[in-house]
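The values are calculated or read from the model by the stated rules, or taken from the named source; none is laboratory data. Not measured: the values here are computed from a predicted model. Note that each Cβ is placed from the backbone with ideal geometry, even for glycine, and that neighbours are counted across all protein chains shown. Heads up: the accessible areas ignore ligands, DNA and RNA and are worked out on the full protein's heavy atoms, side chains in. Shrake-Rupley method; radii C 1.70, N 1.55, O 1.52, S 1.80 Å.
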Amino acid sequence: MLEITNLHATVDGKAILKGIDLTIQPGEMHAIMGPNGSGKSTLAYILSGRDGYEVTEGEVRYEGRDLLVMAPEERAAEGLFLAFQYPVEIPGVPNTTFLKEALNAGRKHRGEGPLDAMQFLKLIRQKTQELGMTDEMLKRAVNVGFSGGEKKRNEILQMAVLEPKLAVLDETDSGLDIDALKTVADGVNALRGPDRSMLVITHYQRLLNYIVPDKVHVLAQGRIARTGGPELAEELEAKGYAEFTTAAA
Amino acid sequence: MLNGNSGATDFEAVFTDRRASLPGADLAWLSELRESGINQFRRHGLPTPRTEAWKYTNLRPLQKVAFAPSHEVSAPTVVGLDRVPSLLPSGEHVRRLVLTEGRFNPELSSIGDLPPGVSLEPLAQAIRRDPGGLQSYLGRIAHPVGQPMLALNTALMEDGVVLRVGRGAVLSEPVEVLHLGGLSDHAVAYHPRLLVLLEADSRAVLVEHFVGLSEQAYFANAATEIRVAEGARLDHIKVQAEGTAATHLASCHVWLDRQATFIGFSLSLGAQLSRNEVHVRLEGEGARCRVNGAYLMRGKQHCDNTTLIEHLKPETSCREVFKGVLDDQSRGVFQGRIMVHRGADKTDGHQLSKALLLSDRAEIDAKPELEIYADDVKCSHGATAGDIDEQALFYLRARGIPEARARSLLIQAFLDEALDEVGIPALHEALLSRVAAWLGTG
Ligand SMILES: Nc1ncnc2c1ncn2[C@@H]1O[C@H](COP(=O)(O)OP(=O)(O)OP(=O)(O)O)[C@@H](O)[C@H]1O
Ligand SMILES: [Mg+2]
């Protein structure tokens with residue numbers, strides 16, 4: 001599904017990623033943990049195609065294709081989804097319009113016709129209910145005036161509507177109360193399947209109790225410093241990252 | 001003065017030539033009005049950037065081309081009814097008065113039945129039929145002193161529209177005045193004049209729609225004067241979609257009595273050079289107005305929105321929102337002046353100008369001015385200019401929305417704050433579709 005080989009990247013000339021190797025098979029769920037500033041979001045943004053990062057070495061293949069040459073919208077239409085660590089507010093664009101545009105853009109890319117207003121409404125009604133969101137949040141402008149937790153739920157709503165093949169969740173659990181965490185985890189689990197993969201960036205082992213990963217990676221100082229099973233998350237929770245930050249320094 | 005302006009139109013000579021055949025030439029008061037107009041024009045000449053009020057808008061294009069009066073050219077290209085654009089929803093009771101190059105065109109117009117107390121007729125006809133009814137208003141609301149382009153219109157006006165809505169009458173369906181230009185095969189100039197009189201407690205919706213049907217250069221110098229009497233309300237929607245080589249200068253002069261309401265909106269899309277001027281006098285206690293607008297420019301277009309809001313009585317209020325989208329090398333100007341006169345206490349005046357620059361070479365000049373001589377006044381103004389929000393753009397693209405579409409969504413969202421002020425659903429729709437067409441998403 002996703003193959004990252006020896007990925008190096010800089011921001012403003014500053015090296016952030018220093019040789020990432022990571023392979024995710026279809027159906028797998030991987031977690032990335034790591035200290036603040038280690039490059040987790042940078043990796044997520046590079047996967048989604050945001051400007052401002054220079055890949056200086058290495059490559060990324062998504063379903064066998066060179067991901068890095070694709071425009072952000074093409075990546076999304078091909079089934080890549082990033083739940084943003086900091087979702088963006090878009091004044092003046094209603095959430096429903098946004099969801100409909102996004103959904104129909106993907107459908108068009110796949111050669112499917114657009115959903116009509118009725119079909120679309122039915123779909124988002126169902127998804128919002130599943131995620132414990134209100135209709136009122138659909139009418140409001142995208143993320144404008146949403147609380148931190150509401151923004152995160154809104155990311156998951158988008159994911160649920162778009163049904164991506166590879167979802168990258170960047171700290172979607174941060175700032176969520178216990179119930180919201182459970183709802184978000186349910187949303188993620190509902191999407192799991194033999195053809196879908198996930199990459200979950202988190203600081204908390206707590207989330208991984210609900211969504212059990214196949215693999216846990218530690219990203220420190222721009223590299224995958226260690227890879228293990230779910231038990232690695234528990235170990236990190238107990239010991240912290242001291243081992244990784246000093247060893248690589 | 002430059003001596004390279006040999007191509008310029010000698011408007012004074014045009015006046016001398018035409019004065020005897022202009023409508024109402026036999027009426028002393030009207031001749032005097034025209035005379036004072038040409039004197040004012042002679043005094044000031046065509047405005048140049050040396051005049052403060054025209055600092056950012058240069059009328060150079062008018063000095064390069066000799067514009068013939070529209071009557072002197074061969075009959076304008078015949079426009080089929082099916083080619084007549086309209087902002088009104090199509091239906092049987094469309095009330096539309098069409099001016100082709102400034103003159104009433106009966107074939108294209110459909111005035112239909114009017115409710116009791118309402119009259120709608122071409123200006124030239126009104127001057128013939130009932131000059132006395134015009135005398136106390138024409139040139140009184142739009143007073144040409146110190147305003148050379150209005151003065152020129154006053155001197156040379158040949159036709160236009162007179163809309164009168166009697167006491168308590170309600171004209172709920174909009175009336176459209178369509179100004180069609182770009183019909184001749186050479187450059188013409190015309191000076192349409194509208195007079196709109198709403199008596200106490202009446203209501204009307206007026207749409208002024210300027211459309212150019214070719215790329216021919218022409219000059220539309222329009223003026224509209226509006227009086228809204230006590231407790232009455234006028235909604236005025238203007239769409240300027242003149243031809244790409246046109247010069248469009250228009251001023252709208254509004255007088256509001258006690259508790260009267262004026263809700264104005266202008267959408268500017270067309271013309272090479274345009275200026276949309278709105279002057280509102282809040283002359284009665286509790287009068288209120290909205291003066292809103294949007295402009296979308298590209299290429300080398302220039303669009304100037306200049307407003308003057310004068311609060312003369314207590315508890316008057318006005319809100320202004322102008323939003324501009326400027327692409328390529330286009331240029332926008334917003335000059336907003338709010339004057340709160342002595343004694344106009346407890347007034348409210350708010351003004352906002354926002355421009356979205358889609359290119360590095362686009363430019364906006366915004367000049368807000370507040371002059372306050374009264375007490376307990378709430379006034380504010382703000383002007384911003386910026387680019388597309390790159391973060392928002394990326395967020396949309398990261399959800400699969402193609403870049404061009406994402407840009408359009410953001411531009412539309414930016415304009416909504418102004419467009420949403422148009423409270424008449426059918427007209428709001430029509431404006432949205434014009435914007436969508438401009439964006440290429442229609
Ligand atoms: N635009 C930028 N300009 C300069 N430095 C940047 C920029 N973006 C990121 N960085 C730096 O890159 C490093 C990695 O940032 P990144 O956001 O990827 O960290 P992270 O692992 O996601 O951290 P956190 O756990 O706090 O979210 C940080 O040191 C950050 O300051
Ligand atoms: Mg991060």
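Filtered by the rule that a residue be open to solvent by less than 10 Å² (accessible area, probe 1.4 Å), more than 11 Å from ligand 1 (Cβ to nearest atom) and away from chain B (no Cβ under 13 Å), the stretch A:32-89 gives A:Val60, A:Tyr62, A:Leu67. Scanning the stretch B:12-35 for residues that are within 21 Å of B:Phe67 (Cβ to Cβ) and part of a helix (DSSP H, G or I) gives B:Glu12, B:Ala13, B:Val14, B:Phe15, B:Thr16, B:Asp17, B:Arg18, B:Arg19, B:Ala20, B:Ser21, B:Arg34.
Do we find that B:Glu369 is in contact with a Lys or Arg (Cβ under 9 Å, 6 or more places away or on another chain), closer than 15 Å to B:His350 by Cβ, open to solvent by 50 Å² or more (accessible area, probe 1.4 Å) and of a type outside the set (A, V, I, L, M) in this structure? Break it down stepwise before answering.
Values: in contact with a Lys or Arg (Cβ under 9 Å, 6 or more places away or on another chain): yes; closer than 15 Å to B:His350 by Cβ: yes; open to solvent by 50 Å² or more (accessible area, probe 1.4 Å): yes; of a type outside the set (A, V, I, L, M): yes.
So B:Glu369 fits the description; yes.
Assessment of the stretch A:133-145 against the conditions (in contact (Cβ under 8 Å) with a residue 40 or more places away in the chain, open to solvent by 30 Å² or more (accessible area, probe 1.4 Å), touching a His at 6+ places or on another chain (Cβ under 8 Å) and among the charged types (D, E, K, R)) yields no matching residue. Which condition number does A:Gly27 fail, the rest of (1) more than 10 Å from chain B (Cβ to nearest Cβ); (2) within 16 Å of ligand 1 (Cβ to nearest atom) being met? With (1) more than 10 Å from chain B (Cβ to nearest Cβ); (2) within 16 Å of ligand 1 (Cβ to nearest atom) applied to A:Gly27, the lone miss is (2).
Only residues that are within 25 Å of A:Leu166 (Cα to Cα) and more than 7 Å from every other protein chain (Cβ to nearest Cβ): list them for the stretch B:387-403, please.
Here is the first cut: in the stretch B:387-403, the ones within 25 Å of A:Leu166 (Cα to Cα) are B:390-403.
Those that are within 25 Å of A:Leu166 (Cα to Cα) and more than 7 Å from every other protein chain (Cβ to nearest Cβ): B:Glu390, B:Leu393, B:Leu396.
Please go through the stretch B:323-345 and pick out each residue that is within 22 Å of B:Lys378 (Cβ to Cβ) and open to solvent by less than 10 Å² (accessible area, probe 1.4 Å).
Filtering the stretch B:323-345 for residues within 22 Å of B:Lys378 (Cβ to Cβ) gives B:334-345.
Result: B:Phe334, B:Gly336, B:Ile338, B:Val340, B:Ala344.
Of all residues in the stretch B:36-46, those being outside any helix (DSSP H, G or I) and either surrounded by 20 or more Cβ atoms within 10 Å (Cβ to Cβ) or not assigned by TED's automatic domain parsing to the domain that holds B:Met149 (or both) number 0.
Please work out which residue is nearest to the other protein chains (Cβ to nearest Cβ), limiting yourself to the stretch A:98-125 and to residues that are acidic (Asp, Glu) and open to solvent by 60 Å² or more (accessible area, probe 1.4 Å).
Step one: of the stretch A:98-125, the residues acidic (Asp, Glu) are A:101, A:112, A:116.
Checking the rest, the ones that are also open to solvent by 60 Å² or more (accessible area, probe 1.4 Å) come to A:112, A:116.
Working: A:Glu112: 13, A:Asp116: 18 Å.
Among those that are acidic (Asp, Glu) and open to solvent by 60 Å² or more (accessible area, probe 1.4 Å), it is A:Glu112.
Could you count how many residues in the stretch A:135-151 are at pLDDT 90 or above and within 16 Å of ligand 2 (Cβ to nearest atom)? Total satisfying the criteria: 1. Going residue by residue through the stretch B:424-442, is there one that turns out to be open to solvent by less than 40 Å² (accessible area, probe 1.4 Å) and facing chain A (nearest Cβ under 8 Å)? No, the conditions are met nowhere in the stretch B:424-442.
Residue-level analysis places B:Leu198 among those that are more than 12 Å from the chain's Cα centre (by Cα) and under 15 Å from B:Gly264 (Cβ atoms). Just to be sure, is B:Glu417 modelled with pLDDT under 90, within 10 Å of another protein chain (Cβ to nearest Cβ) and open to solvent by 70 Å² or more (accessible area, probe 1.4 Å)? Yes: the conditions hold for B:Glu417.
Scan the stretch B:305-322 residue by residue and report those that are surrounded by fewer than 24 Cβ atoms within 10 Å (Cβ to Cβ) and not in a loop (DSSP other than H, G, I, E, B). Explain how you work it out, then say what you get.
So in the stretch B:305-322, the residues surrounded by fewer than 24 Cβ atoms within 10 Å (Cβ to Cβ) come out as B:306, B:308, B:310, B:312-315, B:317, B:319, B:321.
Result: B:Thr306, B:Leu308, B:Glu310, B:Ser317, B:Arg319, B:Val321.
The set of residues from the stretch B:111-144 being under 19 Å from the mean Cα position of the chain (by Cα), under 22 Å from B:Thr16 (Cα atoms) and open to solvent by 10 Å² or more (accessible area, probe 1.4 Å) comprises just one member, B:His143. Scanning the stretch B:240-255 for residues that are in contact (Cβ under 8 Å) with a residue 40 or more places away in the chain, assigned to a strand (DSSP E or B) and either touching a Phe, Trp or Tyr at 6+ places or on another chain (Cβ under 7 Å) or of a type in the set (S, T, N, Q) (or both) turns up B:Ala241, B:Thr247, B:Ser251, B:Val254. A count restricted to the stretch A:156-207 and to residues that are within 24 Å of A:Tyr62 (Cβ to Cβ) and of a type outside the set (Lys, Arg) stands at 30.
Conditions (1) surrounded by 23 or more Cβ atoms within 10 Å (Cβ to Cβ); (2) part of a strand (DSSP E or B); (3) outside the structural domain of B:Arg140 (by TED's automatic domain parsing); (4) without any contact (Cβ under 8 Å) to a residue 24 or more places away in the chain, marked per residue:
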site: B:Ser172; (1), (2), (3), (4): no, yes, no, no
site: B:Val177; (1), (2), (3), (4): yes, yes, no, no
site: B:His186; (1), (2), (3), (4): no, no, no, no
site: B:Leu194; (1), (2), (3), (4): yes, yes, no, no
site: B:Leu197; (1), (2), (3), (4): yes, yes, no, no
site: B:Asp201; (1), (2), (3), (4): no, no, no, no
site: B:Leu206; (1), (2), (3), (4): yes, yes, no, no
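With A:Gly52, A:Gly58, A:Gly39, A:Gly34 as the choices, which residue is away from ligand 2 (no atom under 16 Å from the Cβ) and either out of contact with any Cys (no Cβ under 6 Å at 6 or more places or on another chain) or within 16 Å of A:Asn6 (Cα to Cα) (or both)?
Values: A:Gly52 fails: away from ligand 2 (no atom under 16 Å from the Cβ); A:Gly39 fails: away from ligand 2 (no atom under 16 Å from the Cβ); A:Gly34 fails: away from ligand 2 (no atom under 16 Å from the Cβ).
Checking each option against the conditions leaves just A:Gly58.
Does any residue of the stretch A:146-168 turn out to be of a type in the set (D, E, K, R) and without any contact (Cβ under 8 Å) to a residue 12 or more places away in the chain? Scanning the stretch A:146-168 turns up no residue that is of a type in the set (D, E, K, R) and without any contact (Cβ under 8 Å) to a residue 12 or more places away in the chain. For the stretch A:4-11, the count of residues that are polar (S, T, N, Q), in a strand (DSSP E or B) and within 16 Å of ligand 1 (Cβ to nearest atom) is at least one. Annotation: of all residues in the stretch B:350-401 being in a loop (DSSP other than H, G, I, E, B) and of a type in the set (A, V, I, L, M, F, W, C), the one that is nearest to the chain's Cα centre (by Cα) is B:Ala362.
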